[in-house]
1. Any idea which residue in segment 17-41 is least open to solvent (accessible area, probe 1.4 Å), counting only those that are β-branched (Val, Ile, Thr) and over 18 Å from residue 58 (Cβ atoms)?
2. Here is a check on your reading of the model: is residue 45 in a helix (DSSP H, G or I), among the β-branched types (Val, Ile, Thr) and open to solvent by 80 Å² or more (accessible area, probe 1.4 Å)?
3. Residues in segment 28-42: is at least one at pLDDT below 70 and assigned to a loop (DSSP other than H, G, I, E, B)?
4. So residue 18 clears everything in (1) on the phi < 0 side of the Ramachandran plot; (2) modelled with pLDDT of 90 or more except one condition, right? Which one?
Amino acid sequence: YSSKDLHGIEFIDSYVFNQIEHIRFNSTVGKYVGYTEHGVKNAETWNKGSVLARELGELERFCKHNADLYYSTVLDKTGEQG
């Protein structure tokens, strides 16, 4: 995100094995995307079930809540001499 109002914040959840990204969830896209044969199959399954609903809720539950805390703790203190 690039502003204090948290507009444009996105949640990305990547699944990597042996340095190869197999599946990625991006809250901007709103679904899982597979990058390997196995990843595509899992993404199709996960996009139909409750896994997708849980991931969609992470943006509100985790990202925006914590980003607001971090913003007030870190970014509001920029420019202070230590």
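The values are calculated or read from the model by the stated rules, or taken from the named source; none is laboratory data. Bear in mind that the values here come from a model prediction, so they are computed numbers and not experimental data. Here the Cβ positions follow ideal geometry from the backbone for every residue, glycine too, while neighbour counts run over all protein chains shown. Only protein heavy atoms, including side chains, enter the accessible area calculation; ligands, DNA and RNA are left aside. Shrake-Rupley method; radii C 1.70, N 1.55, O 1.52, S 1.80 Å.
1. Going residue by residue through segment 17-41, those that are β-branched (Val, Ile, Thr) are 20, 23, 28-29, 33, 36, 40.
Imposing the further condition that a residue be over 18 Å from residue 58 (Cβ atoms) reduces the set to 20, 36, 40.
On the way: 20: 86, 36: 32, 40: 61 Å².
This residue is 36.
2. Details: in a helix (DSSP H, G or I): yes; among the β-branched types (Val, Ile, Thr): yes; open to solvent by 80 Å² or more (accessible area, probe 1.4 Å): yes.
In short, yes.
3. So in segment 28-42, the residues at pLDDT below 70 come out as none.
Within segment 28-42 (the criterion being at pLDDT below 70 and assigned to a loop (DSSP other than H, G, I, E, B)), the answer is no, since none of the residues qualifies.
4. (1)
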